[in-house]
Amino acid sequence: VDTIEPHVLKIRTPSGFGSGFLCAYTEDKNICAIATAAHVVDDSYLWEKPIRIEHHSSGTSKLLRAHDRIIWFDADLDTAVILFFPKDEKDELPLPTKALPFISEEKRLKVGEELGWAGFPVVASQNLCFFTGRISCWLEKSRTYLVDGVAINGVSGGPAFHVTAKGMKIIGSVSAYLPNRSGSTPGLAMISDVDQYLDVIKTIKDWEEAKKRETPPSELKEKQEKKENNT
């Protein structure tokens, strides 16, 4: 928890909040990428509402209006990446100079492996909380782990990680919680894969190029409506 805390952020929007974490920098460190869940920021993106990034361990924050940020979405995976300038004339977020390592591309953890995840649950929204559980299964079609553990509102977008003797690796982000509706026993947490985050790490270079790759609002809206109709 001490290792991961400086990397975790609270993502505030006019409609609520979620969690996120430092994902990557451009080579010159001028632009940083914050990973989160798509549903945490999709409304702010579609309606050009402000997003406030709060760095928990330093107590500092940065307000991002629509022109201050670029957001890439993978709506199917429920992941998003917020790109912005961490330093400017007004303020600076004292983020770590290097993001934590991710699990290797195309590598998956086995059923039974233990994970940890962290975020800001609504029941203790001022505190960074730690959770743990074991992988119940891997859903290949949706690129999602189901984990025997809890994911409370507010933790969405928080980092999920695996720790071994060799160190810590980010393996995904918190997406949702699937409750058991047919009894009193708990449900399962959903952890989205790192596919989109790894793509950002490989391709983020400069602001102009990143802007060209920003998810078109029409594409995001179409996927939202399709998901709502399926629900």
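The values are calculated or read from the model by the stated rules, or taken from the named source; none is laboratory data. Just so you know, these numbers come straight off a predicted model, no measurement behind them. Note: ideal-geometry Cβ built from the backbone for every residue, glycine included; neighbour counts use all protein chains shown. Quick note on the areas: whole protein, heavy atoms, side chains included, nothing else; ligands and nucleic acids left out. Shrake-Rupley method; radii C 1.70, N 1.55, O 1.52, S 1.80 Å.
Things worth noting here:
- Calculated on alpha-carbon atoms, Rg and Dmax of the range 1-104 in Å: 12.9, 37
- Estimated translational diffusion coefficient (Stokes-Einstein, Kirkwood radius over Cα pairs, 25 °C, 0.890 mPa s) of the range 85-154: 163 µm² per second.
- Check: the range 87-207 dipole with +1 on Lys, Arg Cβ and -1 on Asp, Glu Cβ, in debye: 340
- The range 50-199, accessible surface, carbon-and-sulfur percent (1.4 angstrom probe): 51
- Cα Rg, Dmax (largest Cα-Cα span) when computed across the chain, Å: 16.7, 55
- Positive dipole terminus of the chain, leading residue within SER19, ILE71, VAL41 (C-beta point charges): SER19
- Computed Kirkwood radius, in angstrom, where 1/r is averaged over Cα pairs of the range 86-127: 14.7
- Size of the range 1-44: Rg and Dmax of its alpha carbons, in Å, are 11.9, 34.
- Its relative contact order, with pairs defined as Cα atoms under 8 Å and 6+ residues apart, puts the chain at 21 percent.
- Rolling a 1.4 angstrom probe over the protein heavy atoms with all chains in place gives the chain an accessible area of 51 Å² per residue.
- The lysines whose alpha-carbon is closer than 18 Å to the alpha-carbon of LYS141, local same-chain residues fewer than 8 away aside, are LYS107, LYS110, LYS223, LYS226, LYS227.
- Value of [θ]222 nm, deg cm²/dmol, for the chain, DSSP H segments ≥ 4, -39500 (n - 2.57) each, nearest 500: -4500 deg cm²/dmol
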